[in-house]
Ligand SMILES: [Zn+2]
């Protein structure tokens, strides 16, 4: 299996998140930026909604969303920066309280996900969402 260097994949969507951002607006931009099959777009949309929603609901409401897409093999990387140094796994109880099992769902839909610390004290949460295997 080829290892994809996700930070070298082309960025197809890069947008600021602030407290006026709504997840439906983000999903519309996502749909416009990605040419994916329905299942893959749905999975990516759920992951983006969860990670962006986490910033809006639990963090400062300020951050940045980047979406990277490589067509072969079809893989999408969602990256969300926020200003909190706390890893999302420690925020599990907050997610469960507000919207159900947020990070559990991200884990289920992502081949791989994790966090990277940012120099300014915040972090990036990234999730690699591949095409579903054929049924
Ligand atoms: Zn795909």
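In table form, for the structure just shown:
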item: Every pair of residues 6+ apart whose Cβ atoms lie under 7 Å, when the first sits in the stretch 123-135 and is over 20 Å from residue 62 (Cβ atoms) while the second is more than 14 Å from the ligand (Cβ to nearest atom) and modelled with pLDDT of 95 or more; result: none
item: Scope the stretch 10-31; condition over 25 Å from residue 122 (Cα atoms) and either within 16 Å of the ligand (Cβ to nearest atom) or in contact (Cβ under 8 Å) with a residue 24 or more places away in the chain (or both); matching residues; result: 31
item: In the stretch 35-81, the residues that are within 12 Å of the ligand (Cβ to nearest atom), touching a helix residue (DSSP H, G or I) at 6+ places or on another chain (Cβ under 8 Å) and modelled with pLDDT under 90; result: none
item: Which numbered condition residue 35 misses (of (1) farther than 14 Å from residue 11 by Cβ; (2) in contact (Cβ under 8 Å) with a residue 24 or more places away in the chain); result: (2)
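The values are calculated or read from the model by the stated rules, or taken from the named source; none is laboratory data. What you see is a predicted model; the values in this text were computed from it and never measured. Don't worry about glycine lacking a Cβ; one is built from the backbone with ideal geometry, like all the others, and counts go over all protein chains shown.
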